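**Q** I have a structure I would like to understand better, so I am pasting it below and will then ask my questions one at a time.
The values are calculated or read from the model by the stated rules, or taken from the named source; none is laboratory data. As the structure is a computational prediction, the values presented were derived from the model and not from experiment. All Cβ positions, glycine included, derive from the backbone under ideal geometry; neighbour counts span all protein chains shown.
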Amino acid sequence: MNVQPEQLLRQIRVAQLQKKELETQITEKKMILEKYFQESIIMSTFSIDNVKAVRKRKPEKWEYSEELVGYKKEIARAIEDREQQEREEGIANKIDTGFTWAIR
């Protein structure tokens, strides 16, 4: 443990910023690939130098009625109430989850 906590925290923050920048670059490059696909320059599957690209459909999304959304919230609230009740009555057992570090 030669690295001081302050140095370690700075290094983690720099790495997080680099990761965010790289993720942005990857997203931009994927958008260019999509443009090439739309223009029929590339197919939905291709590979170059053992790197394979496959165009995949994103999961479907649905928008539900206000009635159903309200019902879902009611049910979720009822479940949360029941969970709280079981904690208070000693029925539920607490599981040790350990620790992690949140770096912001």
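**Q** Run down Leu33, Leu17, Leu22, Leu8 and say which single residue is in contact with a strand residue (DSSP E or B) (Cβ under 7 Å, 6 or more places away or on another chain) and among the aliphatic types (A, V, I, L, M).
**A** Leu33
**Q** Hey, can you tell me all the residues within the stretch 76-102 that are loosely packed, with under 10 Cβ neighbours inside 10 Å and within 27 Å of the chain's Cα centre (by Cα)?
**A** Lys94, Ile95, Asp96, Thr97, Gly98, Phe99, Thr100, Trp101, Ala102
**Q** Continuing with the same structure: Output yes when any residue across the stretch 86-99 is touching a residue at least 12 places away in the same chain (Cβ under 8 Å) and either out of contact with any Cys (no Cβ under 6 Å at 6 or more places or on another chain) or acidic (Asp, Glu) (or both), and no when none is. Talk me through it step by step, then tell me what you get.
**A** Narrowing the stretch 86-99 to residues touching a residue at least 12 places away in the same chain (Cβ under 8 Å): none.
Checked against the condition, which is being touching a residue at least 12 places away in the same chain (Cβ under 8 Å) and either out of contact with any Cys (no Cβ under 6 Å at 6 or more places or on another chain) or acidic (Asp, Glu) (or both), the stretch 86-99 yields no hits at all.
**Q** Which condition breaks for Gln4 when tested against (1) under 23 Å from the mean Cα position of the chain (by Cα); (2) at pLDDT below 95?
**A** It fails just one condition, (1).
**Q** Please state which of the following conditions Thr24 fails to meet, knowing it meets all the rest: (1) surrounded by 10 or more Cβ atoms within 10 Å (Cβ to Cβ); (2) hydroxyl-bearing (Ser, Thr, Tyr); (3) assigned to a loop (DSSP other than H, G, I, E, B).
**A** Result: Thr24 passes all but (3).
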